[in-house]
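One structure is given here, and the rest of the page talks about it.
The values are calculated or read from the model by the stated rules, or taken from the named source; none is laboratory data. In this text the structure is predicted, and so the values were computed from the model without any measurement. Positions of Cβ are generated from backbone atoms using ideal geometry, with glycine treated the same way; all protein chains shown enter the neighbour counts. Heads up: the accessible areas ignore ligands, DNA and RNA and are worked out on the full protein's heavy atoms, side chains in. Shrake-Rupley method; radii C 1.70, N 1.55, O 1.52, S 1.80 Å.
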Amino acid sequence: MFSPQQLRQSFPVFQHFPNLVYLDNASTTQKPQVVIEAEREYYEQHNANVHRGIYRLAAEATALYEGSRERCARFLNAPQAKQVIFTSGTTDGVNLVAQCFAFPRLEPGDQVLISAMEHHSNLIPWQQVCLAKKAELKVIPFNQQGELDLQALQELLNPKVKILALTHISNTLGTINPIAEIIALAHAQGVPVLVDAAQSISSHQMDVQALDVDFLVFSGHKIFGPTGTGILYGKEKWLKEMPPYRFGGEMIRDVTFAKTTFAPIPHKFEAGTPNIAGVATLATALDFVESLGQNNIAAHLQTLLAAGMEKLSSIPGVQFYGEAAQKSGIISFTIDGIHPHDLATILGQQDICIRAGHHCTQPIMDFYEIPGTVRASFSVYNTLEDVTKLGEGVNNVLKVMS
Ligand code: PLP
């Protein structure tokens with residue numbers, strides 16, 4: 001098990017801001033020194049465009065880029081590296097699948113199934129594709145605790161459903177959905193599944209073969225890597241069938257004015273100069289996570305979750321949103337009589353960083369009939385002292401505002 005206190009020393013942000021209580025990790029994580037160094041080293045020592053040049057630097061840049069693909073494939077236990085497509089993040093990956101997998105398949109009256117706890121990024125792309133194809137967007141409900149209604153899910157699965165897109169962990173409620181069970185249920189009805197692993201990838205080992213998942217997406221920046229990076233994993237049979245996403249350089253086999261033939265996967269989906277530095281650095285972020293161990297990270301998040309829930313529940317007027325039995329290190333709450341933005345603003349002035357608002361999940365706010373919540377989300381460098389400071393900070397706000 002790692003020591004969060006010691007780990008803080010590997011994150012330069014805490015040297016610059018020693019009193020920082022960073023509890024907005026569901027939005028993005030801070031970056032360890034090794035990741036920052038990897039990006040710097042790339043630009044200082046290996047920078048060139050990929051796949052084109054034959055000189056040494058170009059070969060190095062290509063090796064780093066394609067090496068990162070191999071690294072990502074190992075991280076996910078993907079059968080082949082070519083099943084890993086580099087994207088700019090989770091949003092980009094979902095859009096790619098919505099446009100290139102769902103769009104060509106959907107007929108009027110067909111359905112796409114999502115859950116009521118999706119981030120807007122795993123909602124709007126499906127909604128828009130359904131609108132364009134006169135298909136229906138169907139939604140699996142959740143209960144007051146924030147747990148998916150698996151009975152309703154089974155009733156919603158039918159041959160008209162062309163894809164089920166589901167988050168593994170809700171970025172607002174913290175609910176950990178039983179994705180292995182859900183994928184099996186969907187497959188029994190012949191429905192392919194996309195898993196949004198944006199919130200789970202750092203604390204849950206994703207074995208795409210064991211899960212038999214059709215598509216899996218995540219963002220590099222939520223797993224200690226650079227912004228503007230992400231992964232789409234897909235089953236080979238689907239990726240091969242899908243048309244390209246964007247058109248341009250890098251993704252072709254042969255071009256004339258009359259006709260273009262496209263490169264095989266993965267390059268078919270990677271038009272233009274990619275985020276080479278980011279992709280090269282993402283491999284270092286994955287090494288970092290594996291060095292800590294995803295099981296250890298999950299255990300640490302549970303410790304902080306338990307401490308946070310205990311601390312906050314002793315504060316008068318606190319309401320929690322998301323109390324699922326299986327829950328990750330994300331606490332959404334409100335305090336009677338205090339607007340979430342006021343709470344977050346005053347805490348921010350004390351260097352306690354939490355997020356206020358709808359967290360890109362407006363339907364969750366509609367379900368609870370609230371405009372927003374404040375959300376504290378934990379990561380590897382958070383300590384029990386951070387939790388204490390959060391509790392004290394909220395109590396101070398209550399004193400100021402009452
Ligand atoms: N899905 C979930 C569950 C998220 O938490 C987020 C970001 O908060 C996203 C999707 C979108 O990720 P990105 O903005 O990196 O594309």
In the set Leu148, Leu164, Leu137, which member is buried (at least 23 other Cβ atoms within 10 Å of the Cβ) and within 23 Å of the chain's Cα centre (by Cα)? Leu164
Specify which of the listed residues (Gly357, Gly391) is within 16 Å of the ligand (Cβ to nearest atom), surrounded by fewer than 23 Cβ atoms within 10 Å (Cβ to Cβ) and among the small types (Gly, Ala, Ser). Gly357
From Met309, Met365, grab the single residue that is open to solvent by less than 60 Å² (accessible area, probe 1.4 Å) and within 16 Å of the ligand (Cβ to nearest atom). Met365
Scan of the range 112-125 for residues that are open to solvent by less than 10 Å² (accessible area, probe 1.4 Å) and either away from the ligand (no atom under 11 Å from the Cβ) or within 12 Å of Ile140 (Cβ to Cβ) (or both), ordered by number: Val112, Leu113, Ile114, Ser115, Met117, Glu118
Considering only residues that are open to solvent by less than 10 Å² (accessible area, probe 1.4 Å) and free of Cβ contacts under 8 Å to residues at least 60 places away in the same chain, which ones fall in the range 368-388? Gly372, Val374
Matching option when the condition is in contact with a strand residue (DSSP E or B) (Cβ under 7 Å, 6 or more places away or on another chain) and of a type in the set (Phe, Trp, Tyr), among Phe288, Phe333: Phe333
Quick count over the range 77-109, residues being of a type outside the set (Ser, Thr, Tyr) and assigned to a loop (DSSP other than H, G, I, E, B), is 9
Name the pairs: first residue in the range 141-159 and assigned to a helix (DSSP H, G or I), second residue of a type in the set (Ser, Thr, Tyr), Cβ to Cβ under 9 Å, at least 6 apart or on different chains? Leu153/Ser115
Confirm whether Tyr43 is more than 16 Å from the ligand (Cβ to nearest atom), crowded, with 17+ Cβ neighbours inside 10 Å and in contact (Cβ under 8 Å) with a residue 40 or more places away in the chain. no
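Output the residues belonging to the range 16-40 that are farther than 19 Å from Ser203 by Cα and either assigned to a loop (DSSP other than H, G, I, E, B) or within 15 Å of the ligand (Cβ to nearest atom) (or both).
Phe17, Pro18, Asn19, Leu20
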I'd like to verify a number: residues in the range 319-347 that are over 15 Å from Gln145 (Cα atoms), surrounded by 15 or more Cβ atoms within 10 Å (Cβ to Cβ) and without any contact (Cβ under 8 Å) to a residue 40 or more places away in the chain, how many? 3
When you look at Leu194, is it within 26 Å of Asp110 (Cβ to Cβ) and either within 16 Å of the chain's Cα centre (by Cα) or part of a strand (DSSP E or B) (or both), yes or no? yes
Evaluation of Met1 against (1) buried (at least 21 other Cβ atoms within 10 Å of the Cβ); (2) assigned to a loop (DSSP other than H, G, I, E, B) (one fails), failing number: (1)
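Is it the case that Asn171 is part of a loop (DSSP other than H, G, I, E, B) and within 12 Å of the ligand (Cβ to nearest atom)?
When the stated conditions are applied, Asn171 passes them.
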Residue under question is Gly190, and the condition is that it be within 13 Å of the ligand (Cβ to nearest atom) and either over 21 Å from Ala78 (Cα atoms) or surrounded by fewer than 17 Cβ atoms within 10 Å (Cβ to Cβ) (or both); does it hold? no
Could you run through the range 84-104 and say how many residues are within 12 Å of the ligand (Cβ to nearest atom), open to solvent by less than 10 Å² (accessible area, probe 1.4 Å) and among the small types (Gly, Ala, Ser)? 2
Pick from the range 206-235, criterion open to solvent by 10 Å² or more (accessible area, probe 1.4 Å) and touching a Lys or Arg at 6+ places or on another chain (Cβ under 9 Å), ranking: farthest from the ligand (Cβ to nearest atom): Asp212
